[in-house]
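Undergrad: Got a structure for you, written out below as structure tokens; questions coming shortly.
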Amino acid sequence: MSEQVKQESAVGGSDIRGSPRQAVAVSTFGYFVGFAGVVVYGPIATEFEEVLGLSGLLLGLLVAAPQLTGSLLRIPFGAWVEDVGAKKPFAILLGLSVVGMGGLLVILLTAYPDGLTIVHYPLIFFFGSLSGCGIAAFSVGAVDTSYWYKSDRRGTMLAVFAGLGTTSPGLFTIVSPFALLAFGLTGTYAAWFAFLLVGTIVFVIFAVDAPYFQYRKQGLDEDEAKSRAEEAGQELFPSGDAMESIRKAATIRRSWMLTSLFFVSFGGYLALTVWYPSYWANLHGFDVQTAGIVTAVTFTLLSPLCRIGGGVISDRRGGEETALVSFGTITLSTLVLVLTRDPITAVVATVVLGAGMGIASAAIYQLLPKYVPEAVGGASGLVGGIGGFGGFAVPPILGLFVDVRGVSGYATGFVIYLVLGVAGIGLASMLYRTRSTTVGSRNPIPADD
């Protein structure tokens with residue numbers, strides 16, 4: 001029997017619910033449901049722009065609203081997993097998303113279309129932010145996956161979880177503009193609310209915690225729970241205190257290097273997922289439906305699918321080398337996007353950019369348990385939260401380029417990613433130079449560097 005099959009079947013005992021495959025499958029489904037909140041405004045941003053009369057800056061803030069909570073909540077919730085396991089934090093985040101979408105639906109039912117004005121902007125921003133709480137489930141699911149799988153399979157399974165779960169914005173980017181035509185703005189968000197509610201219920205029913213947390217909930221003390229979990233195939237274990245895990249991760253230099261890289265790769269992905277529909281519509285003259293389809297096919301769907309392959313490549317070639325090549329790809333593609341006004345060239349550059357960002361994100365999370373093994377939960381929260389904050393921070397800056405330079409600002413704004421890409425190459429190079437400390441060994445790198 002292969003090592004992989006042994007691990008998949010090892011936790012099938014009567015005292016443990018679920019298996020690694022079930023755990024990752026349910027987490028991926030839950031993340032798929034919650035992560036759709038990334039594009040709660042993006043694909044149909046032009047509708048809100050026209051109704052509310054928004055400037056480029058306000059539009060950028062609105063489309064980024066879900067990512068404010070979706071990024072920052074990753075820090076405490078990712079660390080909280082080390083105290084209680086993944087199921088409870090995950091379910092709470094999805095529940096908050098349901099509340100946010102419900103609040104937005106109430107506003108639309110009571111004020112749209114004639115009564116909806118700029119006065120409602122703060123409330124729309126607030127409920128959009130709340131709808132994005134499910135995005136924060138990434139750090140929860142990433143930690144949980146790290147607990148279920150051993151190091152030789154961890155990078156691949158993290159990429160599967162993140163890659164497949166991250167496909168929901170692409171699908172919603174395609175569907176939302178057509179739903180807007182068929183059901184109107186209110187009907188579109190009503191359907192979205194139903195999707196969130198049902199998805200949250202399904203997750204709560206089928207989700208399972210890692211073996212260690214199941215044994216702890218059965219009343220076993222820490223040492224016995226750890227011993228039994230090791231027999232069940234678990235390799236990584238929590239430090240035992242959520243805030244201590246964050247503090248410990250924050251003292252490790254490599255945590256911040258990985259966070260900075262993730263700000264460019266995944267934060268960049270989040271920002272462009274909500275910005276690209278406006279880019280295609282305003283700079284290249286695509287209609288709303290076409291802009292949504294092009295965004296999804298060339299970027300929003302493509303990038304997470306490439307992330308799956310990036311996990312496999314990282315396991316085989318090493319995360320450091322994979323990250324270095326990926327950030328070089330990001331830099332070159334954004335240089336093209338700054339210079340070009342040709343839609344075909346822009347499409348090709350966008351495909352390359354999405355692939356680079358997806359592969360880079362997979363490489364970073366493949367490296368995380370190796371570089372910060374004693375505080376995986378805290379580091380996952382820092383990397384996912386502060387790194388993912390790029391999804392909120394960048395769109396308003398892109399909007400300022402439009403306010404200052406007009407339509408051409410949609411292209412010149414990519415200079416932000418050109419600069420970030422160059423910085424990413426520098427940081428990835430530093431990691432690459434340290435990989436010699438682990439050549440020929442699967443042991444974690446000492447984290448107190």
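Read-outs throughout are calculated quantities, based only on the coordinates presented, and are distinct from any laboratory measurement. No experiment lies behind these values; they were computed from the predicted model shown. Cβ sites come from the backbone with ideal geometry, for glycine too, and all protein chains shown count toward neighbours.
Undergrad: Using a 10 Å cut-off on Cβ atoms, rank the peptides 351-364, 28-41 from the highest mean neighbour count down.
TA: Those peptides, ordered most packed to least, come out 351-364, 28-41.
Undergrad: With the cut-off at 1.5 for a/c, could you classify the stretch 164-315 from its C-alpha gyration tensor as rounded, prolate or oblate?
TA: Prolate, since a/c reaches 1.5 and a/b exceeds b/c.
Undergrad: Here's something else I'd like to know. Could you size up the charge dipole of the chain around its Cα centre, putting +1 on the beta carbon of Lys and Arg and -1 on that of Asp and Glu, and report it in debye to the nearest 20?
TA: Dipole magnitude for the chain comes out near 580 debye.
Undergrad: While we're on this one: Which semi-axis lengths, in whole Å and largest first, follow from the square roots of five times the eigenvalues of the Cα gyration tensor of the stretch 200-286?
TA: One finds semi-axes of 40, 21, 10 Å for the stretch 200-286.
Undergrad: Now a separate question. Report Rg (one decimal) and Dmax (nearest whole number) for the chain, counting Cα atoms only, units Å.
TA: Over the chain's Cα set, Rg and Dmax evaluate to 21.2, 67 Å.
Undergrad: A follow-up question, please. Using each residue's phi in the stretch 150-166, evaluate 6.51 cos²θ - 1.76 cosθ + 1.60 at θ = phi - 60° and report the 3J(HN,Hα) Karplus result to the nearest Hz, with x for Gly and Pro.
TA: 7, 4, 6, 10, 5, x, 5, 6, 5, 5, 5, 4, 6, x, 5, x, 7
Undergrad: Shifting gears a bit: So if I restrict to the alpha-carbon atoms in the stretch 341-407, what is the Rg, and what is Dmax, the biggest pairwise distance, in Å?
TA: Gyration radius and largest Cα-Cα distance of the stretch 341-407: 16.6, 49 Å.
Undergrad: Which residue, chosen from 421, 107, 202, occupies the Cα position most advanced towards the positive end of the dipole of the stretch 14-437, where the dipole is computed from +1 (Lys, Arg) and -1 (Asp, Glu) charges on Cβ about the Cα centre?
TA: The listed residue farthest towards the positive side: 421.
Undergrad: Once you compute Rg and the Kirkwood Rh from C-alpha atoms, what is the Rg to Rh ratio for the stretch 372-426?
TA: Radius of gyration over Kirkwood radius for the stretch 372-426 works out to 1.17.
Undergrad: Here's another thing I want to ask about it. Which shape class applies to the stretch 104-197: rounded if a/c is under 1.5, otherwise prolate when a/b exceeds b/c and oblate if not, where a ≥ b ≥ c are the square roots of the Cα gyration tensor eigenvalues?
TA: It is prolate, given that a/c is not under 1.5 and a/b is the larger ratio.
Undergrad: Using the Cα centre of the chain as origin and beta-carbon charges of +1 (Lys, Arg) and -1 (Asp, Glu), tell me which of 385, 125, 364 is placed farthest towards the positive end of the dipole.
TA: Checking the options against the dipole of the chain, the answer is 364.
Undergrad: In addition: Could you size up the charge dipole of the stretch 87-191 around its Cα centre, putting +1 on the beta carbon of Lys and Arg and -1 on that of Asp and Glu, and report it in debye to the nearest 20?
TA: 440 debye
Undergrad: When the helices in the chain are scored as -39500 (n - 2.57) per DSSP H run of 4 or longer and the sum is shared across all residues, what 222 nm value do you end up with, to the nearest 500 deg cm²/dmol?
TA: Only helices count here, giving -25500 deg cm²/dmol.
Undergrad: So how far, in whole Å, is the C-alpha centre of the stretch 139-205 from the one of the stretch 231-289?
TA: Computed from Cα coordinates, the inter-centre distance equals 15 Å.
Undergrad: Would you mind computing Rg(Cα) / (2.2 N^0.38 Å) for the stretch 289-420, counting N as its residues?
TA: The stretch 289-420 yields a ratio of 1.14.
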